[in-house]
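Below is one structure, written out as C-alpha cells, with a few remarks after it.
What follows draws every value from the coordinates through simple rules; no lab data is involved. The shown structure was predicted, so the numbers you read here are calculated from the model rather than taken from an experiment. In this analysis, Cβ positions are derived from the backbone assuming ideal geometry, glycine residues included, and neighbour counts consider all displayed protein chains.
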C-alpha cells in the first residue's frame, strides 16, 4: 500500500520542527493530544512527566477495530536527543536529513508520522482493521522514564509493537539485555599537594585504581560493560578529596550481569581500602531483559507480514534497550521494526523513504490482516 508522500513529509517536517528534547516534550505532547482529539479519537494524556522532571506526558490513543483479531498497541516516542533544538529538515533524493548542525529527530518522529499516515490510508480506503492503541511515550532516550511511569491499567491489550528501529527492515530481535547503571563515589582527604601530600587521600587516584582492577568493554558474547564518566578534584595543588565515576553493565544472562556488578563493587571497595578512603556504590536497574515468545501472536504476525512483503527475517540478539524492555518486564509481548532511520543520535542522521515504505507496508499488514 503506497503512502501519500507529500502529506507524510509535510506532517513529519512539521513535527521535526517542534523542539522536544528529553524532559522538554510538552510542545510535542500538546500537538499529539490536539491532533487526535480533533479527529474524534479517545485520547488519554497522563502526568507521568511530573514524577521525573519532564514537562510532557505520555499520550495514549484508542482506535476501535472494524474487524476481528487481537488488539495491538503501536508505540513511538516523542523525545529526541541533543543537539535537537531548532532542527531544520531537508528532503532530497528520497532522503530526509537535517541542515547539518543538529540531529534530524527521525528517531522517533518518523515512527509517529508513519502511524499517522497509516491511519489516514486505512480510513480513506475504508480498509477493515483490528482494534489498536497508539502510545507515544516521553523520555525514552533518557532512561525510558515515560514507559516506566505509564499506568498500564489504561492499556487493555498486551501486545506492543515499537516503530523505533534503525537500519534495514527485517531484523527480528530474539533477545535484548538487562541493564544496570552504576555510580561509584570515592571519599578521600584534602591536603596541600606541595607541602604535605602524604597527609592527604587522593579520591581521583582511588577511582582510577578501581577502574583499573576491572575489565570493561566486551566481556563475552552476552555481556558488555562501560565506564561513561569520571570526575573529581579541582586545583592541582590540592589532593582531591572526592571523585566519582559512572558505568553500566548489560547482559542477556542475569547471572553474568550480577557477577560483573559484584566485580565492580569489590574493586571499588578494594581501591578505597588500599588508599585509606571510602567508597559508596549505587546501582540502578535501568531496564529488564526482553525475550519475545516466538510462539506468541505478535511474533508470528510480524513474521507473516515480513514474508508477505518478500522480506526474509534475520534474527538478532540486540545489545540495546528501549520502551519494549520496560513493557516486556510488565508482562507485554513486544516487537518492533525499523522506520528507515540511519546514523541516529548524530548530525548525519538520515531517514530513507524507500525503507520507510517497506516498514509502512509491513505495519499496514499487521493492522489489517490476521494469522
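The order of 138, 18, going from fewest to most other C-beta atoms within 10 Å of their C-beta, is 18, 138. Of all DSSP beta bridges confined to the range 32-141, the antiparallel ones make up roughly 70%. For the chain, take the longest principal axis of its alpha carbons; what is the angle in degrees between that and the long axis of helix 106-124, to the nearest 10 within 0 to 90? In the chain, helix 106-124 runs at an angle near 20 degrees to the longest axis. Here the calculated FRET efficiency for residue 263 and residue 330, from their Cβ-Cβ distance with R0 = 22 Å, stands at 0.15, rounded to the nearest 0.05. Taking every DSSP bridge with both residues inside the chain, close to 70 percent are antiparallel. A helix-only calculation puts the chain at -10000 deg cm²/dmol for mean residue ellipticity at 222 nm, using -39500 (n - 2.57) for each DSSP H run of at least four residues, averaged over all residues.
With equal scatterers on the alpha carbons only and no solvent term, can you work out the Debye log10 of I(q)/I(0) for the range 217-371 at 0.11, 0.18 1/Å? Values, matching the q order: -0.66, -1.20.
At q = 0.15, 0.24 Å⁻¹, what log₁₀ I(q)/I(0) does the range 320-368 have when each alpha carbon counts as one equal point scatterer in the Debye sum? Per q value, in the given order, log10 I(q)/I(0) is -0.56, -0.94.
Applying 0.36 nm per residue to the separation of residue 85 and residue 174 and subtracting their alpha-carbon distance, the gain on full extension is 28.5 nm. Over all projection directions, the Cα-based convex hull of the chain averages an area of 20.0 nm².
Subtracting the Cα-Cα distance of residue 371 and residue 300 from 0.36 nm times their residue separation leaves 24.8 nm of extension gain. Modelled this way, with points 7 Å down the Cα-to-C-beta line, the labels at residue 347 and residue 229 are 2.2 nm from one another. Each residue, residue 14 and residue 99, gets one label point 7 Å from its Cα in the Cβ direction; the gap between the two is 2.1 nm.
Here the label points at residue 92 and residue 41, each 7 Å from Cα along the C-beta direction, are separated by 3.4 nm in the simple model.
Its Kirkwood hydrodynamic radius, worked out from the mean inverse distance over all distinct Cα pairs, puts the range 178-287 at 14.3 Å.
Semi-axes of the equivalent ellipsoid of the range 151-243 are 45, 17, 12 Å, computed as sqrt(5λ) over the eigenvalues of the C-alpha gyration tensor in descending order. The slack between residue 315 and residue 216, meaning 0.36 nm per residue of separation minus the straight C-alpha distance, is 33.0 nm. Look at where the Cα atoms of the range 267-344 and of the range 159-195 average out, and the two centres are 11 Å apart. Counting only alpha carbon atoms, the long axis of helix 254-275 and the longest principal axis of the chain meet at about 30°. Axis angle, to the nearest 10 degrees, between helix 26-38 and the longest C-alpha principal axis of the chain: 20 degrees.
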